[in-house]
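Chemist: Please see the structure below; I have some questions.
Every read-out reported here was derived from the displayed coordinates using simple, explicitly stated rules and does not represent laboratory data. The structure presented is a predicted model; accordingly, all values stated were derived computationally and were not measured. Quick reminder, even Gly has a Cβ in these numbers, built from the backbone with ideal geometry, and neighbours come from all protein chains shown.
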Amino acid sequence: MTVLTGPGLLFVVSGPSGAGKDTLVEGLKARRERLLYSVSATTREPRPGEREGTDYFFLEVEEFRRRLSESAFLEWREYNGHLYGTPRSFIQEKLRDGYDVVLKPEVNGALALKAQFPDAVLIFIVPDKFSYLRSRLEARRTETNEQIAARLEIAHDEFTFVRRFDYLVINEEAQPQQAVDDLEAIVRAERYRIHRYPETRLKELEDS
Ligand code: 5GP
């Protein structure tokens, strides 16, 4: 795995539950070896197939609160009755070492991260029709009807923040690969922005 000389970039992929963040980020990671995924902590129960330390760090509420009191999270949120938080040390270390990091918090978490890392790239994911959120959540069969209704309500609230993001990617039902292509294009392009180049590299080019 290549380590860049400059500090890494932080990619925050957000948007409503059911928009397809998990699948898109999986697809992106498969294509970008150098991109590390920051695993969040949560107090919700694991869903079938979810693995400790890969999908989430599953914590008891007490343990989550203990870590919170030690400032172990860069940001945290209560979402639909459960706590979710972004561990601080992993992101700080990896960015410092020059790795790019991707994570997928809900919208408020994304904005909180932007406040701490103004250079972070915020990407909002939506399905091509808002009504697909319901069908995707229903198809997943991991939430009760009330939980789905709550998530849909949150989704509408979340969309009001879309203008504070840098990019909007529409995850088209009929073409799932297209959204992964779009995400990858964003990740690639961000690296080439002039202000991302260390001054020393620009100078080197000029002097070569
Ligand atoms: P789920 O229970 O479906 O895995 O996640 C529920 C919501 O919490 C999703 O919108 C997900 O993006 C968000 N989430 C997951 N981890 C974090 C985190 O560390 N911080 C915040 N703020 N939201 C998170």
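Chemist: Quick one: Lys203, Lys94, fewest Cβ neighbours within 10 Å first, how do they rank?
Modeler: So the ranking, lowest neighbour count to highest, is Lys203, Lys94.
Chemist: Suppose we keep just the DSSP beta bridges with both residues in the stretch 69-208; what percent of those would be antiparallel, to 5?
Modeler: 55
Chemist: In terms of modelled amide H atoms, which long-range or inter-chain residues lie less than 5 Å from the amide H of Val102?
Modeler: Phe11, Leu36, Tyr37, Ser38
Chemist: Then there's this: Pull up all non-local amide H partners of Tyr79: gap of 5 or more, or a different chain, and H-to-H distance under 5 Å with H placed in the peptide plane.
Modeler: Here the answer is Tyr84, since their amide H atoms fall under 5 Å of that of Tyr79.
Chemist: Among rounded, prolate and oblate, which fits the stretch 1-108 when a ≥ b ≥ c are the square roots of the eigenvalues of its C-alpha gyration tensor, a/c under 1.5 means rounded, and a/b larger than b/c means prolate?
Modeler: Numbers: a/c = 1.92, a/b = 1.33, b/c = 1.45.
Oblate, because a/c is 1.5 or more while a/b does not exceed b/c.
Chemist: Continuing with the same structure: Between Gln178 and Ala150, how high is the FRET efficiency from 1/(1 + (r/R0)^6) when r is the Cβ-Cβ distance and R₀ = 25 Å? Nearest 0.05.
Modeler: Computed FRET efficiency for Gln178 and Ala150: 0.25.
Chemist: Further question on the same structure: Among Ser14, Ser69, Ser208, Ser135, rank each residue by its count of other Cβ atoms within 10 Å, from fewest to most, as a rough exposure measure.
Modeler: Working: Ser14 24, Ser69 8, Ser208 5, Ser135 13.
In increasing order of surrounding Cβ atoms, one gets Ser208, Ser69, Ser135, Ser14.
Chemist: Which whole-number percent is the relative contact order of the stretch 16-127 (Cα, under 8 Å, 6+ apart)?
Modeler: 32 percent.
Chemist: Arrange the peptides 157-165, 122-130, 189-197 so that the one whose residues have, on average, the most other Cβ atoms within 10 Å appears first.
Modeler: Order by mean packing, descending: 122-130, 157-165, 189-197.
Chemist: Test of understanding: in a Gaussian network model of the chain with alpha carbons linked when under 10 Å, which of Gly49, Gly27, Gly18 would top the mean-square fluctuation ranking?
Modeler: Fluctuation is largest for Gly49.
Chemist: Can I ask one more? Roughly speaking, what is the centre-to-centre gap between the stretch 1-63 and the stretch 109-169 when only Cα atoms are used, to the nearest Å?
Modeler: One Cα centre to the other: 15 Å.
Chemist: Using the Kirkwood formula on the Cα atoms of the stretch 52-208, what hydrodynamic radius do you get, in angstrom to one decimal?
Modeler: It works out to 18.3 Å.
Chemist: Mind checking the angle between helix 145-159 and the chain's longest principal axis? C-alpha axes, 0 to 90 degrees, to the nearest 10.
Modeler: 40
Chemist: Calculate one ³J(HN,Hα) per residue across the stretch 75-84 by plugging θ = phi - 60° into the Karplus curve 6.51 cos²θ - 1.76 cosθ + 1.60, and present them in order as whole Hz with x for glycine and proline.
Modeler: 7, 8, 8, 9, 10, 6, x, 10, 9, 9
Chemist: Under the rule a/c < 1.5 gives rounded, and otherwise a/b versus b/c splits prolate from oblate, where does the stretch 125-208 land using the Cα gyration tensor?
Modeler: The shape class here is prolate.
Chemist: Please report the net charge: other residues with Cβ closer than 15 Å to the Cβ of Leu205, K and R +1, D and E -1. Intermediate results must be reported in sequence, preceding the final value.
Modeler: On the way: positive: Arg196, Arg201, Lys203; negative: Glu199, Glu204, Glu206, Asp207.
Here the count lands on -1.
Chemist: Note the count of lysine pairs whose C-alpha atoms are less than 22 angstrom apart in the chain, limited to pairs 8 or more residues apart or on different chains.
Modeler: 12
Chemist: Taking H as built 1.01 Å from N, whose amide H comes closer than 5 Å to the amide H of Leu74, not counting residues under 5 places away?
Modeler: Thr86, Arg88
Chemist: Run lengths n ≥ 4 of DSSP H only: what is the helix-derived mean residue ellipticity at 222 nm for the chain, with -39500 (n - 2.57) per run over all residues, to the nearest 500?
Modeler: -13000 deg cm²/dmol
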